[in-house]
Amino acid sequence: MQVTSGRISYNGKDITGARPAAIARMGMVRSFQISAVFPHLTVRENIRIALQRATGLSYRFWRDESALDHLDGRILEITDAFKLEPFLDTAATALPYGLKRALELATTMALDPELLLLDEPMAGLAQSDIARVIELIRQAAASRTVVMVEHNLPVVAELSDVITVLARGRVLAEGPYSQISKDPRVLEAYIGKAHG
């Protein structure tokens, strides 16, 4: 989507017209509402591609695979953290949806971002997968800033320090969940409850 007005700054730099790859190299990485992994590559290969970025070998696919053996330890650390180790050699397309989401988060975290943008990470997840993804996001947020768009209110309540509620492109309210959940403007806009 093209910016229609205003400016976007990140770490004091204007990134308004910057390409996504350039923004990612600056430390801001995003995940999408629809899983964005390489479906016909294995879990190991998906994570290895993300890790390759830091090696400078990202686009040198003609090199022998053994040139990337030094990444194996980090791949195992990441798959262990995301409970994906049993699926290392499974093609992403064969994973259940919840594990695909975990793989997407794992590849995103392999990029070691400073700022992680998550677009509805709980979308389409079974209830049994939500608790696991919440814990993965909590782990990610321990060492970086996470900005998340999410409509699952219990998830928002559990994970968020500061909540910004938008309505028609404008900030309607901002603050902790305890304050936001009682704001009459928020209740009217999202639940349809009239001011009391």
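The values are calculated or read from the model by the stated rules, or taken from the named source; none is laboratory data. For clarity, every value in this text was computed on a predicted model and none was experimentally measured. Because the Cβ atoms are built from the backbone with ideal geometry, glycine has one as well, and the counts that use them run over all protein chains shown. We work out accessible area using only protein heavy atoms, side chains counted, and drop any ligands, DNA or RNA first. Shrake-Rupley method; radii C 1.70, N 1.55, O 1.52, S 1.80 Å.
Would you confirm, using the coordinates I've provided, whether residue 184 is open to solvent by 40 Å² or more (accessible area, probe 1.4 Å) and either of a type outside the set (Phe, Trp, Tyr) or within 24 Å of residue 39 (Cα to Cα) (or both)? Considered against the rule, which asks whether it is open to solvent by 40 Å² or more (accessible area, probe 1.4 Å) and either of a type outside the set (Phe, Trp, Tyr) or within 24 Å of residue 39 (Cα to Cα) (or both), residue 184 comes out as yes.
Taken as a whole, the structure leaves residue 89 outside the set of residues that are closer than 25 Å to residue 24 by Cα and surrounded by fewer than 17 Cβ atoms within 10 Å (Cβ to Cβ). The residue of segment 157-171 that is nearest to the chain's Cα centre (by Cα), among those that are open to solvent by less than 90 Å² (accessible area, probe 1.4 Å) and either among the aromatic types (Phe, Trp, Tyr) or more than 21 Å from residue 114 (Cα to Cα) (or both), is 157. Residues in segment 78-126 that are among the polar types (S, T, N, Q) and more than 15 Å from residue 51 (Cα to Cα) were compared, and the one that is farthest from the chain's Cα centre (by Cα) is 90. The residues on offer are 66, 143, and the sole one that is of a type in the set (Ser, Thr, Tyr), out of contact with any Pro (no Cβ under 7 Å at 6 or more places or on another chain), at pLDDT below 85 and open to solvent by 20 Å² or more (accessible area, probe 1.4 Å) is 66. Every test in (1) surrounded by fewer than 16 Cβ atoms within 10 Å (Cβ to Cβ); (2) at pLDDT 90 or above; (3) within 30 Å of residue 106 (Cβ to Cβ) is passed by residue 174 save one, and that test is (3). Scanning segment 27-46 for residues that are modelled with pLDDT of 90 or more, assigned to a loop (DSSP other than H, G, I, E, B) and aliphatic (A, V, I, L, M) turns up just one, 41.
Note on segment 99-152: residues that are over 19 Å from residue 44 (Cβ atoms) and either touching a His at 6+ places or on another chain (Cβ under 8 Å) or not acidic (Asp, Glu) (or both) total 34. Checking every residue in segment 121-140 against the condition of being among the basic types (Lys, Arg), on the phi < 0 side of the Ramachandran plot and open to solvent by 40 Å² or more (accessible area, probe 1.4 Å) gives at least one match. Residue check: residue 50 meets all listed conditions (1) modelled with pLDDT under 90; (2) more than 20 Å from the chain's Cα centre (by Cα) but one, namely (2).
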